[in-house]
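Rule-based calculations on the coordinates, nothing more; no lab input. These figures come from a predicted structure and were not determined experimentally. Glycine gets a Cβ as well: all are built from the backbone with ideal geometry, and neighbour counts include every protein chain shown.
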Amino acid sequence: MKLKVLPLENWMKHKQYREDCNPKNIKLQLIPEYIDAIYKYGDMSWFVVDGQAYAYDVKQFNYELKLANTKIYSAKEYDALCLLRIAKVLNKAQLNELYIYECYMTSRITYRNALKFRIRVTSAAKQLREQTADLIVADLITADLITAN
């Protein structure tokens, strides 16, 4: 059996999201130093963050591995494959490969949209903090003017 490794998903890096995961008592001596990543060995799967191992679903690992190994098609290739699917010319393996590609593209788009949303929320929060600070300063100046008179 080989040890398989995938990079950590973004949520795994944040402690508040890991609280729901069960810490796993895995002997971390399989390789000298574990880096922060997702691992699978046989029928066991886990991820390591800051030296602590957490349980991870084996089926989810296998799915993520399929997505990571997905062949990337050009727009023309994808359109041609879709036409072949409609014509019912593709065999089961090709249909499965096309499905995995579509899952990969969907997850990529979702990740990209979430990143855009996070950037928008962060910049809106920054603008709100700046506006609030300006209002507080204006209130303090007004209060100073009132008490001075």
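Points worth noting:
- Computed from backbone phi with θ = phi - 60° and the Karplus coefficients 6.51, -1.76 and 1.60, the 3J(HN,Hα) list for region 85-91 is 5, 4, 6, 6, 9, 6, 7 Hz; x is used for glycine and proline.
- Sum of side-chain charges, Asn62 neighbourhood, beta-carbon under 13 Å (Lys, Arg +1; Asp, Glu -1): +1
- Contour minus Cα-Cα distance for Glu9 and Lys88 (0.36 nm per residue): 24.9 nm
- Using the Cβ of Arg120 as centre and a radius below 14 Å, the other residues enclosed give a net charge of +4, where K and R count +1 and D and E count -1.
- A simple count of charges around Arg108, restricted to other residues whose Cβ falls under 15 Å of its Cβ and scoring Lys, Arg +1 and Asp, Glu -1, yields +1.
- When only Cα pairs below 8 angstrom with a gap of at least 6 residues are kept, region 43-127 shows a relative contact order of 21 percent.
- The loop-placed trypsin sites (Lys or Arg not before Pro) in region 45-92, going by DSSP, that have at most 16 neighbouring Cβ atoms within 10 Å of their Cβ come out as Lys71, Lys88.
- If the segment from Glu102 to Met44 were pulled out straight at 0.36 nm per residue, it would be longer than the present Cα-Cα gap by 18.1 nm.
- The peptide list 43-52, 126-135, put in order of mean Cβ contacts within 10 Å with the highest first, becomes 43-52, 126-135.
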